[in-house]
1. Starting from the Cα-Cα distance between residue 119 and residue 98, subtract it from 0.36 nm times their residue separation and give me the gain in nm to one decimal.
2. Obtain the nm distance between the two label points defined at residue 239 and residue 154 by a simple spin-label model: each point lies 7 Å from its Cα along the Cα-to-C-beta direction.
3. Residue separation times 0.36 nm, minus the C-alpha to C-alpha distance between residue 175 and residue 65: what's the value?
4. Name the shape class, rounded, prolate or oblate, that the alpha-carbon gyration tensor gives for region 176-315, where a ≥ b ≥ c are the square roots of its eigenvalues, rounded holds for a/c under 1.5, and otherwise prolate holds if a/b is larger than b/c and oblate otherwise.
5. Expected output is a single nm value to one decimal: the length gained when fully extending between residue 112 and residue 204, i.e. 0.36 nm times separation in residues minus the C-alpha distance. What is it?
6. Considering only protein heavy atoms and a probe of 1.4 Å, how much of the accessible area of region 107-215 is carbon and sulfur, as a whole percent?
7. For labels at residue 50 and residue 267 in the simple 7 Å Cα→Cβ model, what's the distance in nm?
8. Whole-Hz ³J(HN,Hα) for each residue in region 260-273, computed from phi via Karplus 6.51 cos²θ - 1.76 cosθ + 1.60 with θ = phi - 60°, x for glycine and proline: what do you get?
Amino acid sequence: MAVHQPSHTSSEALHSKVMSLSFRTSALGLLLAGLGAVSFAVTPPVEKIDHPELRYRILSQFGRRLFFCDPDLFPLGRSPQLVRESSLQAYPEILQDRDTFDAIAKHLGLKEGSEFSEDNKQALYQEYKKLRWGVQIESLDEKYKFTVSVKSKDGDFRIEGTIDRQGKIEVLNKEATHLVCPMCLARDTRIDTPAGPVAVQDIREGVLVWTLDAKNNRIAMPVLKTAAVTVSAPHWMIHLVLHDGRELWASPAHPAVNGKAIDQLTKSTSYDGTTIDSVEIKPYTDTQTYDLLPAGPTGFYWANGIPVASTLSLQ
């Protein structure tokens, strides 16, 4: 993957594109507006869920504060009509997983053998997504190990524990974390630092990286915050390719430095002194995405030599 070293000249070239200190607020507004306008046509695949009753037992304890990244909302938002169509398409497949279907129907109070309405089928689909993506569970000797993420008034937490076959839960670890849905970079993306390119997953708080100040001067500033966000299939990323050979894999909503999200960039338009050859959405096979926040007024940094903005804040 070609790396384009940032230079003072390229920083000046950004001058007409870079906003003032209010950039990050306005960029976020554009980003959210863009997300609202995007429809993603791919229906998340339905797979058999193991131990649905145990998953519901876990949800009964943590579910009111449950956090997970709904595949109908991330990485690309889908219209309510498309989500409704997905629920109808998924219904026959959920029905084939009889244990899961029966557990969901029981939880929703739906009577066996009755004719389900479209609203019923949509409710079944929403419950299916909570069971599948909201609770991670795996066998551990005579018990099962689970992981859930929760948001509460006390903060964000990732909780690990065990549950036995009778549904008895034991919490083993409750770790404070920062829960966000992925708007980040692919593993092994190279971040430009004064010491040379460093893989994004190896960046730590305090490490110096190149950023831009309010006058568009390239300066070295310490990293204030990092994030590693776990993703589950299906997860999609944008593969951005510039004409000079630079390329980047990033979540569709990751902000560029011109106020647009990455997925709003278009072929043949200008970006950082060159033109864009392609902007394609492709599947991502790793399990995490990453981001960082450099000190300074802009939050900009270079990823694989391409200037981007951070999704993180100190709030």
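The values are calculated or read from the model by the stated rules, or taken from the named source; none is laboratory data. The shown structure was predicted, so the numbers you read here are calculated from the model rather than taken from an experiment. Cβ sites come from the backbone with ideal geometry, for glycine too, and all protein chains shown count toward neighbours. Surface areas here come from the heavy atoms of the whole protein model, side chains and all, with no ligands, DNA or RNA. Shrake-Rupley method; radii C 1.70, N 1.55, O 1.52, S 1.80 Å.
1. Numbers: separation 21, 0.36 × 21 = 7.56 nm, distance 1.97 nm.
So the extension gain works out to 5.6 nm.
2. Distance between the two pseudo-spin positions: 4.5 nm.
3. Numbers: separation 110, 0.36 × 110 = 39.60 nm, distance 1.50 nm.
38.1 nm is the gain from fully extending residue 175 to residue 65.
4. oblate
5. Values: separation 92, 0.36 × 92 = 33.12 nm, distance 5.35 nm.
Roughly 27.8 nm would be gained on extension.
6. Working: 2600 of 6010 Å².
Within region 107-215, the accessible surface is 43 percent carbon and sulfur.
7. About 4.3 nm separates the two model spin labels.
8. 9, 7, 4, 6, 8, 6, 10, 4, 6, 8, 7, 7, 6, x
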